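So the structure is just underneath, and the comments pick up after that.
The values are calculated or read from the model by the stated rules, or taken from the named source; none is laboratory data. Small disclaimer: the values here were computed from a predicted structure and weren't measured. With ideal geometry, Cβ positions are generated from the backbone for all residues, glycine too; neighbour counts draw on all protein chains shown. Accessible surface areas use protein heavy atoms only, side chains included; no ligands, DNA or RNA. Shrake-Rupley method; radii C 1.70, N 1.55, O 1.52, S 1.80 Å.
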Amino acid sequence: MLLRCGRRAALLLAAAAALSRGRDPDTAVYASVSPPQTLRQALPTAAPAAEGLRSGARLFSPWLLPYPYQGFPILNTFASASVSPANDRDQGSDGSSCDSRCCPGCLGRNSIAKAASAVGPAVVNISSMHDFQSTKAIVRRKVSVTLQDGREFEGVVLNADRVSDIAVVKIKSATPLPAARLGSSSRLQPGDWVVAVGCPLSLQNTVTAGIVSCVDRKSSDLGLGGLRREYLQTDCAINKGNSGGPLVNLDGEIIGVNVMKVWNADGLSFAVPIDSVIKIVENFKKNGRVVRPWLGLKMLDLNPMIIAQLKEKSSTFPDVRKGVLVPMVTPASPAEQAGFRPGDVVVEFGGKPVESIKEIIDIMGDKVGVPFKVLVKRASNVTVTLTVIPEEADASR
């Protein structure tokens, strides 16, 4: 991955050891990020919505940058984090108790320092002598893993997913390894305080803080093509070398993986939600790769305001209070074969009521070749039940 002083550096970040039951106790699990790309390089045919970012602002995913990457190893139990924020005493610089946090998630004098110290010992630096140009080339590669305490290990890349920029690395240690706890990104709200730990510009053990700006920033919002992805947007300072580092809540729990920023802008940084990382690692364990079902539908979440506007434009728009609109159906796709039409509103998927694209994705999980019953409403309140069989997504689409 990234060339520095004649060698490539890659950053892998720890993702899901708690999911690896049955694994040797001397194993640590990591997740990694992919090579950098500017927004101009990634979006030769970007949608107009991305013009604001493309004109002078560059988005990069610090994949292979001329600085070391870092990550964080996690043991089989996250409760054994080397620093437990729940049990730390709230002390000021003089040793006295002075942290006035009123509840979990609230900001006290030492909140950021404690959150950073909870994950700091488990942040690692990973480097490689190889050019990682494809997933096939990455898997089974050997990398050098250096812990914060100076210990060095040889790691092996077990799995990698180019779409999400996540990989799993295995290392063996005769002595216990520091651990970090995973939180839940689904509980985040805009305005929540978060902390980023990394190695920007080779400055190891750097801590920055900020707030969550958006909890579901879509890849299409950034003009990024390919498969749909969602990111946490924060205003934490992220620079070359932060890629793969943990994004942490005030309870010292990892809730995201920092991966990219808008190049010429301050306060526009993005992280992969930890809930997504956990699902990716589960796919690695189950399938050896990430399996993503594909329907061939362009979809839009509906809300009362959008529904009211659509009804103003067409009196035949179905009477729905929620659901997912289908503006476009890809030709020769599973959706077209199932009978979907532009203008359909999905109200049930797999026998469950749905009101968001995320719910549909969650229902499908990694099920490819499995039929799903879909209830849709059409113009003039016509109700139709369709059966769609997802195919495995092709990242090149």
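What about Val248, is it under 15 Å from the mean Cα position of the chain (by Cα), among the hydrophobic types (A, V, I, L, M, F, W, C) and modelled with pLDDT under 95? It is false that Val248 is under 15 Å from the mean Cα position of the chain (by Cα), among the hydrophobic types (A, V, I, L, M, F, W, C) and modelled with pLDDT under 95. Under the condition of being among the hydrophobic types (A, V, I, L, M, F, W, C) and under 15 Å from Phe270 (Cα atoms), the residues counted in segment 186-204 number 6. Of all residues in segment 220-244, how many are at pLDDT 90 or above and out of contact with any helix residue (DSSP H, G or I) (no Cβ under 8 Å at 6 or more places or on another chain)? Here the count works out to 4. The residues in segment 187-221 that are within 27 Å of Val163 (Cβ to Cβ), small (Gly, Ala, Ser) and open to solvent by 40 Å² or more (accessible area, probe 1.4 Å) can be counted, and the count is 2. Selection of strands (runs of 3 or more DSSP E) fully inside segment 289-389 by the criterion of at least 1 residues being under 24 Å from Ser219 (Cα atoms), free of Cβ contacts under 8 Å to residues at least 60 places away in the same chain and not hydroxyl-bearing (Ser, Thr, Tyr) returns 297-301, 324-329, 344-349.
Evaluate the following for Ile255: is it at pLDDT 95 or above and in a strand (DSSP E or B)? Criteria met by Ile255.
Only one of the numbered conditions (1) over 19 Å from Gly120 (Cα atoms); (2) out of contact with any Leu (no Cβ under 6 Å at 6 or more places or on another chain); (3) modelled with pLDDT of 90 or more; (4) not in a loop (DSSP other than H, G, I, E, B) is violated by Thr208, and that is (1). The criterion of being modelled with pLDDT under 95, of a type outside the set (A, V, I, L, M) and open to solvent by 30 Å² or more (accessible area, probe 1.4 Å) does not hold for Gly343. Within this structure, Pro293 fails the test of being farther than 27 Å from Ser184 by Cβ and touching a strand residue (DSSP E or B) at 6+ places or on another chain (Cβ under 8 Å). Counting only residues that are without any contact (Cβ under 8 Å) to a residue 24 or more places away in the chain and charged (D, E, K, R), segment 164-182 holds 0 of them. Considering (1) within 19 Å of Glu392 (Cβ to Cβ); (2) touching a Leu at 6+ places or on another chain (Cβ under 7 Å); (3) outside the structural domain of Gly365 (by the TED database); (4) open to solvent by less than 50 Å² (accessible area, probe 1.4 Å), the lone condition that Asn283 does not fulfil carries the number (2).
Which residue, of Ser213, Ser220, Ser186, is under 17 Å from the mean Cα position of the chain (by Cα), farther than 18 Å from Ala113 by Cα and in a strand (DSSP E or B)? So the residue among Ser213, Ser220, Ser186 that is under 17 Å from the mean Cα position of the chain (by Cα), farther than 18 Å from Ala113 by Cα and in a strand (DSSP E or B) is Ser213.
Applying the condition of being in contact with a Phe, Trp or Tyr (Cβ under 8 Å, 6 or more places away or on another chain) and farther than 29 Å from Ser220 by Cα to segment 154-169 and asking which residue is most open to solvent (accessible area, probe 1.4 Å) yields Leu158.
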